[in-house]
Amino acid sequence: MLYRGSDRERLGNAIWGAFGRDFLTRDGVRFMVAALTPKQWSGLIAAFGIEAGIAALEAELGVCFADGDTPRFNHRARLFALFQQAADAQDWPDLSQRLAAQGCTFERYRTMHEAATDPTLIDANPLFGPSPANPSGFAYPATRSFAKRHGHDPGDPKPAPYLGEHSEEVLAERLGLSSGAIAKLVDAGTVALSDK
């Protein structure tokens, strides 16, 4: 995607088992919302200004969406249509302020290309380091170790090893095989050495 300079076709972003999906505002901003708690659900309704629409839909379907994830997930298509209709009439700056004021879980949707080139997400994020010398020759965002051990510097990301790069090392140092035994395994095709 980075080297193609474009994004893949969108295939949908509904959250399985809960209420959450991406929507598009009148000014063309795609964003994602999620309602996993009662506060998030009531906040979304208030921010979108769809209290009357939700009440009418509940009466029609004989459900209470505030009861939890199940009714919201089961009737997500109808809810998505109601939320999208409201988003169609709103611009992102106003809607995002209302979502924030209500304590909603939301964010502007970023494509993979936007995320991979976002200076805050990548460059200023200590989880990412400089791209290692990858076998492909391409440079792309690479993560450091997510594990943090006291007194241990995770260092910069390292390139993925070539297939078989450590075969001899593992067989000799970990399994204690002699060079002759390793050579027999290689000759028999049981073990492959580096494909570099």
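Each reported figure results from applying straightforward, stated rules to the coordinates on display, with no laboratory input. Source: prediction; values computed, not measured. Backbone-built Cβ (ideal geometry, glycine too); neighbour counts: all protein chains shown.
Return the calculated 222 nm mean residue ellipticity for the chain, to the nearest 500 deg cm²/dmol, obtained by summing -39500 (n - 2.57) across DSSP H runs with n ≥ 4 and dividing by the residue count.
-9500 deg cm²/dmol
Over the chain, what is the relative contact order in whole percent, taking alpha-carbon pairs under 8 Å and six or more residues apart?
It comes to 19 percent, rounded to a whole number.
If amide hydrogens are placed 1.01 Å from N in the peptide plane, which non-local residues have theirs closer than 5 Å to the one on residue 191?
Counting only residues 5 or more places away or on other chains, the set is 186.
Please build a GNM for the chain, connecting alpha carbons under 10 Å apart, and tell me which residue among 149, 76, 26 fluctuates the most.
Ranking 149, 76, 26 by mean-square fluctuation puts 149 first.
For region 130-153 and region 24-63, what is the centre-to-centre distance using only Cα atoms, to the nearest Å?
40 Å
Considering only the other residues whose Cβ falls under 15 Å of the Cβ of residue 68, what net charge follows from Lys and Arg at +1 and Asp and Glu at -1?
Value of the local net charge: 0.
Given charges of +1 on the Cβ of Lys and Arg and -1 on the Cβ of Asp and Glu, with all other atoms neutral, how large is the dipole of the chain about its Cα centre, in debye to the nearest 20?
It comes to approximately 140 debye.
Stokes-Einstein at 37 °C, 0.692 mPa s, Kirkwood radius from Cα pairs: D for region 19-110 in µm² s⁻¹?
Translational D for this selection: 252 µm²/s.
Could you sort the peptides 29-42, 158-171 by per-residue average Cβ neighbour count (10 Å cutoff), highest mean leading? Before the final figure, lay out the partial values.
Values: 29-42: 17.4, 158-171: 13.6.
With the highest mean Cβ count within 10 Å placed first, the list reads 29-42, 158-171.
Return P(r) of region 57-153 (all Cα-Cα pairs; 10 Å bins starting at 0; whole %; ordered from short to long distances).
With a bin width of 10 Å, the distribution comes to 11, 24, 25, 20, 16, 4, 0.
Stokes-Einstein at 25 °C, 0.890 mPa s, Kirkwood radius from Cα pairs: D for the chain in µm² s⁻¹? Please list the in-between numbers first.
Working: Rh = 21.4 Å.
Calculated translational D: 115 µm²/s.
Considering the alpha-carbon set of region 91-196 alone, what are its Rg and its Dmax in angstrom?
22.8, 72
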